[in-house]
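Here is the structure we will look at.
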Amino acid sequence: DFGRSSELAFVVEPSDDIAVQEQPLILYCQVEGIQPITITWRKNGVMIVDSENAFMLANGSLYVSRFQRVRGDGSSDEGEYDCMAQNHYGLLVSRKAKIQAATMSDFHIHPQNAVVEEGGVARFQCQIHGLPEPVILWHKNSMPVNTDNERYTLLPKGVLQITGLRAEDSGIFHCVATNIANVKFSREARLTVSGSHSTVYKDPMILVGPENLTLTVHQTAVLECIATGNPRPIVSWSRLDGRPIGVEGIQVLGTGNLMISDLTVQHSGIYVCAANKPGTRVRRTAQGSLVVQAPAEFVQHPQSISRPVGTTAIFTCVAQGEPPPQITWLRNGQILETSDHIKLKNNNSTLSIYGINQADEAIYQCLAENSAGSTQASARLTVLWADGLPSPPQGVRAETVSATTIQVSWEKPLQNTKEIIGYVLHIRKAADPVEMEYQEAVSKSTFQQLVTDLEPSTSYSFYIKAYTSRGASKASEVTVVSTLGEVPAMPSLFIKVINSTTVQATWEPSIKLGQHEGFKLYYRKVHLSQYTGPVLLASNVTAYNITHLDASVVYEVKLLAYNQHGDGNSTVRFVSLRETVERTVLNPPCDCMKDEQNNKTSTTGIIIGIHIGVTCIIFCILFLMFGYRGRLLMCKNVQEQLSTPQIPRSQRSAAGLVLNGATRRDRDDRDLNGKQLDMNELERLFPASPSQEQQEKGITSAHSLSGPHDETQISTLPLDEFSFIEEQPDPLPKNSHGSSPAALAPDHGPANEG
């Protein structure tokens, strides 16, 4: 490796400049490195020949005696200049310097007359284009405006703002623009301050909002925002993306203009100016974008390297900027062209040179350029070459052995073979880039190599180098040969029983199959010798249904892949459908439509049954209430409040009970029909035992059954107060005054009849 002092490099490069008409111009260029060094200049890519107007100084700088924007022959001294330095090791090109003529146009915006009430805001503006950017100053009544007055704000783009107007602010204003090319004056404008300060309420309003700006890092941005209103609105700033504006380098000019000094890329964004009415949420907004560009600069420079012949050289060049810079590579000052052994990767950030030789020795430059500027960096490639190295190996041959194997053979070099310590075989698919190459080492006494694990039907390139302890020989001639074709491998086969007559054969696509055009499917009954098939299937098919099978026998299914080289080995599976049939008999398949209809029918039947059951219950209750009412015992306590006449207990013990006020004749009729009142019927009528209090007093309830005039009084008495008379059938009817032992019951009157 060589030290930095021996590298050809620029100490000073030409820079962008603005030249004055008819004035001299000097472009500087200083180089260091191993002498002799030759320096030349170019303008717009064309070599500059020394002349009376432009010539090179002894230190390598270019001198233009009288700069002219346009010469008599139509040519111009404006353009892009670069200097080139060359020595024994290569050629170097500087960055491009953009040279422009200083100019100034006429004013295209002049200040306008204005009449503003006292306490208001006045704004004057004038605009003019020029190189370099003109400096604009304001005069009032032919005298420079007093910039110490905090009510007067001068903005860089030729704007004058006056806030809190007073009567003494009235006058005549004009602006003066100055640069190295010229000085120009605008037209005059009169400012009239009228009346006194108004107290009438006015909504906040933004007179002028921020404009879109595109600047470069380290410059200063001024975003204008001037607002009016009564009361005077409060002006605030924010970013549209919500990020904080920050405080470093931030300053407010006048009553609301935002100035950002020493711009960085992070300052780019959309800025929002808001005019707020004090104490309320009433506000007006305006916005403008700020784009901050950064010239290209290197994050990683390429480094000079030395490499032996036949090896790989890699240069890395990483640049940043806003917008992102474009990277271009030069070789000895000329645009680098890529080839099989010269590759650019990672958006041109990485330069790789494979199998280098002495012709690759040069200075390689990385140029990074964007709209904000350009820069360059260089590195030198030194190719190490020792005298007495072997000549290239001879007679390289390659023969195909199989679909995955090739035999490579060669003969020893013709010269300088004594120091050979071995050979290196370089292998690459013919269709792959150079960087995909790989090597296999071979001993010095071996002149052939069996290359295995190759891909079928694929072309490969081979070349050989002989190595010594001092370096490698040049590469041998390249030979290209293809491997044989290969039939596909065995596919994976799976059988799934669908029903008693159908099975599904499925398989998985796999790169292990190799190149294949499709599949062949065969099947047969195991007791037969002849297959059904082949069924030809495309290479993208992965399943096939075999139908109309006999469930009583076992089937053999065979699948293989094929290509232009023939059929591959097959995969065989056996399948029986008998178990499926047995399961079908034991567990017959459901008829979903029938089941669904049955379910619907069952559901409907359940609903109808519930309705019928409820209806029956209601009718039973009504039957009990109405049908049995006439059979209830109307028993009364011996209490004075009862209006019906009572009989003594002694008589009542021997007296019979008349249910529901039935007459003796009615009961006698029932006796004739063979009906009796027994204990079971009473227990059904009176299921619950009354409480002790009820046994003593009795309880009377009135229930409305059929209407307001149909009421039944029910008295509940202890069982020991009842007496039962066993009735005997009487063949002849008897009246109530006869000697028949019928029980007498008090007459409750019509109101108690059933």
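The values are calculated or read from the model by the stated rules, or taken from the named source; none is laboratory data. Keep in mind the model is a prediction, meaning the values are calculated, not measured. Virtual Cβ from ideal backbone geometry, glycine too; neighbours counted across all protein chains shown. Note: accessible area is taken over every heavy atom of the protein model, side chains too, but ligands, DNA and RNA are not part of it. Shrake-Rupley method; radii C 1.70, N 1.55, O 1.52, S 1.80 Å.
Mind listing just one residue for me: the one in the stretch 185-201 that is in a strand (DSSP E or B) and open to solvent by 40 Å² or more (accessible area, probe 1.4 Å) and, of those, farthest from Met143 (Cα to Cα)? Break it down into steps so the answer makes sense when it comes.
In the first step, residues of the stretch 185-201 are kept if they are in a strand (DSSP E or B); the result is 185, 189-194.
Those left that are additionally open to solvent by 40 Å² or more (accessible area, probe 1.4 Å): 185, 190, 192, 194.
Details: Phe185: 13, Arg190: 14, Thr192: 18, Ser194: 23 Å.
My answer is Ser194.
From the list Thr285, Thr255, Thr311, Thr338, which one is within 26 Å of Ile356 (Cβ to Cβ), among the polar types (S, T, N, Q) and touching a residue at least 24 places away in the same chain (Cβ under 8 Å)?
Thr311
Go through Tyr152, Tyr81, Tyr89 for me and flag whichever is farther than 30 Å from Val64 by Cα and in the same structural domain as Ile48 (by the TED database).
The unique qualifying residue is Tyr89.
Go through the stretch 134-153 and report how many residues are among the aliphatic types (A, V, I, L, M) and more than 13 Å from Lys184 (Cα to Cα).
Residues flagged as among the aliphatic types (A, V, I, L, M) and more than 13 Å from Lys184 (Cα to Cα) within the stretch 134-153 amount to 2.
Taking Ser196, is it out of contact with any Leu (no Cβ under 9 Å at 6 or more places or on another chain), among the small types (Gly, Ala, Ser) and without any contact (Cβ under 8 Å) to a residue 40 or more places away in the chain?
When the stated conditions are applied, Ser196 does not pass them.
Scanning for something touching a residue at least 60 places away in the same chain (Cβ under 8 Å) and among the charged types (D, E, K, R), does the stretch 384-396 turn up at least one residue?
No, the stretch 384-396 has no match at all.
Output the number of the condition that Pro278 fails; it satisfies all remaining conditions of (1) outside any strand (DSSP E or B); (2) farther than 12 Å from Pro204 by Cβ; (3) touching a strand residue (DSSP E or B) at 6+ places or on another chain (Cβ under 7 Å).
Just one mismatch for Pro278, condition (2).
Quick check on my filter: what residues within the stretch 134-151 are over 29 Å from Asn230 (Cα atoms), surrounded by 13 or more Cβ atoms within 10 Å (Cβ to Cβ) and not hydrophobic (A, V, I, L, M, F, W, C)?
Scanning the stretch 134-151 gives Pro134, His139.
Give all pairs with beta carbons closer than 9 Å in which a residue from the stretch 542-554 that is under 13 Å from Glu579 (Cα atoms) and assigned to a loop (DSSP other than H, G, I, E, B) meets a residue that is open to solvent by 70 Å² or more (accessible area, probe 1.4 Å) and basic (Lys, Arg); count only pairs at least 6 apart in sequence or on separate chains.
Taking only residues 6 or more apart or on different chains, the pairs are Ala551/Arg578; Ser552/Arg578; Val553/Arg578.
Return the residues of the stretch 531-540 that are open to solvent by 40 Å² or more (accessible area, probe 1.4 Å) and at pLDDT 90 or above; say none if nothing qualifies. Talk me through it step by step, then tell me what you get.
Residues of the stretch 531-540 that are open to solvent by 40 Å² or more (accessible area, probe 1.4 Å), as a first pass: 531-534, 536, 538-540.
Correct list: Tyr531, Thr532, Pro534, Leu536.
Let me spell it out: the conditions are (1) touching a Pro at 6+ places or on another chain (Cβ under 7 Å); (2) open to solvent by 20 Å² or more (accessible area, probe 1.4 Å), and Pro204 meets all of them except one. Which number is the exception?
(2)
Within the stretch 28-35, identify whether any single residue is under 30 Å from Lys157 (Cα atoms), of a type in the set (Val, Ile, Thr) and in contact (Cβ under 8 Å) with a residue 40 or more places away in the chain, and answer yes or no.
No: the stretch 28-35 contains no residue that is under 30 Å from Lys157 (Cα atoms), of a type in the set (Val, Ile, Thr) and in contact (Cβ under 8 Å) with a residue 40 or more places away in the chain.
Taking the stretch 254-310 as the search range and keeping residues that are under 30 Å from Leu165 (Cβ atoms) and among the basic types (Lys, Arg), which one is surrounded by the most Cβ atoms within 10 Å (Cβ to Cβ)?
Top of the filtered list is Lys277.
Tell me which of these Glu435 doesn't satisfy, since it passes every other one: (1) touching a Ser or Thr at 6+ places or on another chain (Cβ under 9 Å); (2) within 18 Å of Glu411 (Cβ to Cβ).
All conditions pass for Glu435, except number (2).
Return the residues of the stretch 415-435 that are over 30 Å from Gly485 (Cα atoms) and modelled with pLDDT of 90 or more; say none if nothing qualifies.
Once the filter is applied, which keeps residues that are over 30 Å from Gly485 (Cα atoms) and modelled with pLDDT of 90 or more, the stretch 415-435 yields Ile420, Ile421, Gly422.
Filter the stretch 36-56 for residues that are part of a loop (DSSP other than H, G, I, E, B), open to solvent by 60 Å² or more (accessible area, probe 1.4 Å) and touching a residue at least 24 places away in the same chain (Cβ under 8 Å) and give the result.
Listed by number, the residues that qualify are Pro36, Asn44.
Being open to solvent by less than 30 Å² (accessible area, probe 1.4 Å), touching a Lys or Arg at 6+ places or on another chain (Cβ under 9 Å) and not small (Gly, Ala, Ser) is the filter here; which residues of the stretch 70-90 pass it?
Asp77, Tyr81, Asp82, Cys83, Met84
Determine whether Leu367 is within 30 Å of Gln293 (Cα to Cα) and open to solvent by 10 Å² or more (accessible area, probe 1.4 Å). Let's see the steps before the verdict.
On the way: within 30 Å of Gln293 (Cα to Cα): yes; open to solvent by 10 Å² or more (accessible area, probe 1.4 Å): yes.
In short, yes.
Which of (1) open to solvent by less than 30 Å² (accessible area, probe 1.4 Å); (2) out of contact with any Leu (no Cβ under 8 Å at 6 or more places or on another chain) does Val116 not meet, given it meets every other one?
Of (1) open to solvent by less than 30 Å² (accessible area, probe 1.4 Å); (2) out of contact with any Leu (no Cβ under 8 Å at 6 or more places or on another chain), only one is false for Val116: (2).
Which of the numbered conditions does Ser236 fail, given that it passes all the others? Conditions: (1) in a loop (DSSP other than H, G, I, E, B); (2) under 36 Å from the mean Cα position of the chain (by Cα); (3) of a type in the set (S, T, N, Q).
(1)
A quick yes/no check of all residues on (1) touching a residue at least 60 places away in the same chain (Cβ under 8 Å); (2) outside the structural domain of Lys343 (by the TED database); (3) under 41 Å from the mean Cα position of the chain (by Cα):
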residue: Lys429; (1), (2), (3): no, yes, yes
residue: Pro433; (1), (2), (3): yes, yes, yes
residue: Ser445; (1), (2), (3): no, yes, no
residue: Glu455; (1), (2), (3): no, yes, yes
residue: Ile498; (1), (2), (3): no, yes, no
residue: Val503; (1), (2), (3): yes, yes, no
residue: Pro534; (1), (2), (3): no, yes, no
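(1) modelled with pLDDT under 90; (2) over 49 Å from the mean Cα position of the chain (by Cα); (3) crowded, with 16+ Cβ neighbours inside 10 Å: which one isn't true of Ala466, the others all being true?
Of everything listed in (1) modelled with pLDDT under 90; (2) over 49 Å from the mean Cα position of the chain (by Cα); (3) crowded, with 16+ Cβ neighbours inside 10 Å, Ala466 misses just condition (1).
Could you list, in sequence order, the residues of the stretch 332-343 that are surrounded by 16 or more Cβ atoms within 10 Å (Cβ to Cβ) and either under 24 Å from Asp432 (Cβ atoms) or at pLDDT 95 or above (or both)?
Across the stretch 332-343, the qualifying residues are Leu336, His341, Ile342, Lys343.
Out of the residues in the stretch 469-479 meeting the condition of being in a strand (DSSP E or B) and open to solvent by 10 Å² or more (accessible area, probe 1.4 Å), tell me which one is modelled with the lowest pLDDT.
Among them, the one singled out is Gly471.
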